[in-house]
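Read the structure below first, then the notes.
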Amino acid sequence: MKRFTIFSMMIFFIMGLILPMSASAEKTLKIGLGDPIESDQGVLALRFKEIIENTSDGNYKVDIFPAGQLGDEQKMVKDSRRGSIDGAVVAVNNITPFAKSVGILTLPYLMQSFDDAVNATTGALGDKWREALIKEAGVHVLGWAYSNFRVLTNSKKPVTTLGDLKGLKIRVPKNAIMIATWKALGAEPIPMAWPETFTAMQQKVVDGQDNPHITNYTMKFYEVQDYSSECHYLFSLQPLVVGEKFFQSLSAKDQAMFTRAGIEAQQANLLFSVTKSEAAKQNMIDKGVESLEIKDEDQWSKLAIEKVWPQFYDTVGGKAEVDKVVNALGR
Ligand code: MLT
């Protein structure tokens, strides 16, 4: 009996040593999204979660907090950098206030297609933004969501020409380049955090906003908006980032696993965006939103490029840097 008790105590002692070790080996990542889980941000995050959880031998779990549960997107960037959350998927325009050189990606009419968006975020350009975001914002990009062009929605009037923008109150992210763009086009931009947008439109504090069809549909903007105008001034890119401090705390093997998961999640997102954008547009129409083409978009792009780009050459690192990106996109 005595021998049995000593034996049991030894087992408990050994278990006591082992269990905390295996418990502490499991890390649960806290990842926030600005958009609902059904959005293309959600597709990126869910695929990332699936890969990490399936390939890490139970060492990592990923908890996703969609729809701004962890705060607005700029807050999530700051929290990822300081480590109070592990990461987030946010629109690039909500990171560029912390990484000015990456603002090039928000210059109006820079990207004109999905191909441009992919070319702007992979290869040498992908490396350039990754390094800049580490240095300037303290976050590490693992993958990009390709969310398509930001179309303009509003509840006031059909917008098909530049003239129609006059006096239109448009909610914009707190992003200097986007504010300047809508001003240059003649609208009245009102900078506001993303989670406040729906209520601001519902209460008619603003007339409209701009975001891609998938975002507009999954955010249920059809409940408070009547018109959607097909402009192409900005291709919305939304990176999945983790805090650089967190990334550097990982072993080389885990860094490779996270990097691989980010790339695969990015591919899943691209497929989703390319194949589901039209359906989201149709869903908006089915919910009663009138879809409109812009008649004079050449003038929009001429005006925006001429008026806005020169204002921000210094902020984003000089005209030569902008030219390099333009050339790399083959124009
Ligand atoms: C914004 O307009 O602030 C963002 O594009 C919102 C989003 O993350 O979809």
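Only the coordinates and a few stated rules stand behind these numbers; no lab work does. This is a predicted model, so every value here is computed, not measured. Because the Cβ atoms are built from the backbone with ideal geometry, glycine has one as well, and the counts that use them run over all protein chains shown.
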If you take every DSSP beta bridge fully contained in the chain, what fraction is antiparallel? Give it as a percent rounded to 5. 50
Sort the following peptides by mean Cβ neighbour count (other Cβ atoms within 10 Å, averaged over residues), highest first: 151-164, 231-244. 231-244, 151-164
Check the straight Cα-Cα distances from residue 183 and name the aspartates and glutamates below 19 Å, setting aside those fewer than 8 residues away within the same chain. 164, 207, 210, 230, 296, 297, 298, 306
Please say if region 183-331 is rounded, prolate or oblate, where rounded means a/c under 1.5 for a ≥ b ≥ c the square roots of the C-alpha gyration tensor eigenvalues, and otherwise the choice is prolate for a/b larger than b/c and oblate otherwise? oblate
So for each of 99-109, 317-327, 265-275 I average, over its residues, the number of other beta carbons within 10 Å; can you give me the resulting order with the highest mean first? 99-109, 265-275, 317-327
Check: region 111-176 dipole with +1 on Lys, Arg Cβ and -1 on Asp, Glu Cβ, in debye: 560
Highest GNM mean-square fluctuation among 286, 86, 226, for the chain with Cα springs under 10 Å, belongs to 286
Calculated FRET efficiency, residue 203 and residue 287, Cβ-Cβ r, R0 22 Å, to nearest 0.05? 0.65
Taking a crude spin-label model, label points 7 Å out from Cα along the C-beta direction, the residue 320 to residue 220 distance in nm is 5.2
Can you tell me which of 92-98, 291-297 comes out highest on packing, and rank the rest after it, using the mean Cβ neighbours within 10 Å? 92-98, 291-297
Around residue 68, which amide H atoms from residues at least 5 apart in sequence, or from another chain, sit under 5 Å from its own amide H, with H modelled in the peptide plane? 33, 34, 35
Could you calculate the FRET efficiency of residue 115 with residue 57 from 1/(1 + (r/R0)^6), where r is the beta carbon distance between them and R0 is 35 Å, rounded to 0.05? 0.40
Classify the chain as rounded, prolate or oblate, taking a ≥ b ≥ c as the square roots of the eigenvalues of its Cα gyration tensor: rounded when a/c is under 1.5, otherwise prolate if a/b is larger than b/c and oblate if not. prolate
Toward the positive end of the charge dipole of region 106-230, about the Cα centre and with charges on Cβ (Lys, Arg +1; Asp, Glu -1), which of 218, 178, 201 goes farthest? 201
Expected 222 nm ellipticity per residue - DSSP helices of 4 or more, -39500 (n - 2.57), all of the chain, to 500: -16000 deg cm²/dmol
Quote the charge dipole size of the chain about the Cα centre in Debye, to the nearest 20; the model charges only the Cβ of Lys and Arg (+1) and of Asp and Glu (-1). 1000
Once the piece of chain linking residue 274 and residue 311 is laid out straight, how much longer is it, given 0.36 nm per residue of separation minus the C-alpha distance between them? 10.1 nm
